[in-house]
């Protein structure tokens, strides 16, 4: 089986994998990083969003082999020294989740939005930018509030 | 997904050489369509030739004279956010920013989209309306000759798109009525004027893929104003019907999107 090496959450990792292995399978099954979820497996729902070389990607629709040498950040890589990332904290503070299944992808996408659009985000921008992430519980209202609050907190 | 052999290549030449040796091989660019199709077992290539390591050579945006050159591996996100494209052909940058969602735009490529020629994809309409030239490892193909049917193009087996060259129009705009669920174009109309030449390309509607709307072009060539389209309508013949929209509704949408696009191109 071919070998792939990449950096995940700051650690060098590698594995011999079937060429069909998707990034999300490599993360969950090989590395046991199960924070990244598979919702739809058809690149619609966004539960599987991770950052690859600083950009949000749907890890269910990219082959692990294609990311040789890439730098990947998953939801497990956001907190530092046991302290939640400001976006994670904002989701908790604003009750931006109910069942929690979409939350890892929502948070990874939200951090990506801040990286691209800055720390002052209006509601329309947030709703538009979240169009690739589906939540079936909340109705999005608290998620939008959390993203705005998290974005501001990230500036501090 | 069925089993395949994976090849990593760092140049178009190596990719083409490998493709010649593997009859059922497919090139992997962004994979935003190919991988979902393979998961559903609708495609089963014997080998994937991964062009991502060749991104440095095959991606990039350059303005040369009155043309914008976009490398095949350029991601939608980079086209949407390129200052050069925004200045030269703002309609093209806007179109790229309407594809899929942010994560999809980070990965999907212009070459992949054009080669796939999905009947509801956005880029084919821009190529056709802007009279783009598709450069491959073997030749140059005009957009009029490139898109030959549903998911079909003039590309020969093993032929690889290297870049797409867009002439800068004097006015252009793209208007899209997205399917509310998939965000693919239910109908998208790209209108472009260069000198006296007006071209109107329609995506999402035709049962054989992207096409030019001759009646709209003739009316707008006489006068590039929304008033020129009074009484001009699209025929429902040859248009798609599905649960989202029947052919008559799609024909109606072509007229609506074309009018909006002309107004937008005229700065209204």
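Things worth noting here:
- 2 or more residues within 14 Å of chain B (Cβ to nearest Cβ): qualifying helices (runs of 4 or more DSSP H) within region A:82-156: A:103-117, A:123-129
- Residue list for region A:59-79, filter: under 9 Å from residue A:23 (Cβ atoms), facing chain B (nearest Cβ under 8 Å) and in contact (Cβ under 8 Å) with a residue 24 or more places away in the chain: A:61, A:62, A:63
- Any chance residue A:47 is outside any helix (DSSP H, G or I) and either farther than 27 Å from residue B:78 by Cα or within 14 Å of chain B (Cβ to nearest Cβ) (or both): yes
- If you go through region A:62-81 and keep only what is assigned to a strand (DSSP E or B), in the same structural domain as residue A:42 (by TED's automatic domain parsing) and surrounded by fewer than 16 Cβ atoms within 10 Å (Cβ to Cβ), you end up with just A:71.
- Top-ranked residue in region B:12-32 [being modelled with pLDDT of 95 or more and assigned to a loop (DSSP other than H, G, I, E, B); ranked as farthest from the other protein chains (Cβ to nearest Cβ)]: B:25
Okay, residues lined up against (1) surrounded by fewer than 23 Cβ atoms within 10 Å (Cβ to Cβ); (2) within 14 Å of chain A (Cβ to nearest Cβ); (3) over 26 Å from residue B:226 (Cβ atoms):
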| position | (1), (2), (3) |
| --- | --- |
| B:112 | no, yes, yes |
| B:131 | yes, no, no |
| B:147 | no, no, yes |
| B:157 | yes, no, yes |
| B:173 | no, no, no |
| B:194 | yes, no, no |
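- The number of residues in region B:33-60 that are within 11 Å of another protein chain (Cβ to nearest Cβ) and part of a helix (DSSP H, G or I) comes to 9.
- Scanning region A:26-44 for residues that are within 11 Å of chain B (Cβ to nearest Cβ) and buried (at least 19 other Cβ atoms within 10 Å of the Cβ) yields a total of 2.
- If only residues of region A:1-23 that are touching a residue at least 60 places away in the same chain (Cβ under 8 Å) and in a loop (DSSP other than H, G, I, E, B) are counted, the one that is nearest to the other protein chains (Cβ to nearest Cβ) is A:2.
- Verdict on residue B:68 being free of Cβ contacts under 8 Å to residues at least 40 places away in the same chain, away from chain A (no Cβ under 11 Å), crowded, with 21+ Cβ neighbours inside 10 Å and farther than 19 Å from residue A:59 by Cα: no
- Region B:95-110, residues that are more than 14 Å from chain A (Cβ to nearest Cβ) and farther than 22 Å from residue A:67 by Cβ: B:95, B:96
- Note on region B:227-244: residues that are in contact with a strand residue (DSSP E or B) (Cβ under 9 Å, 6 or more places away or on another chain) and closer than 17 Å to residue B:213 by Cβ amount to 4.
- Flag if residue B:92 is in contact with a strand residue (DSSP E or B) (Cβ under 8 Å, 6 or more places away or on another chain), buried (at least 23 other Cβ atoms within 10 Å of the Cβ), away from chain A (no Cβ under 14 Å) and not in a loop (DSSP other than H, G, I, E, B): yes
The values are calculated or read from the model by the stated rules, or taken from the named source; none is laboratory data. Computed from a prediction, not measured in an experiment: that's the story for all the values here. Neighbour counts are summed over all protein chains in view; Cβ atoms, including those assigned to glycine, are modelled from backbone coordinates with ideal geometry.
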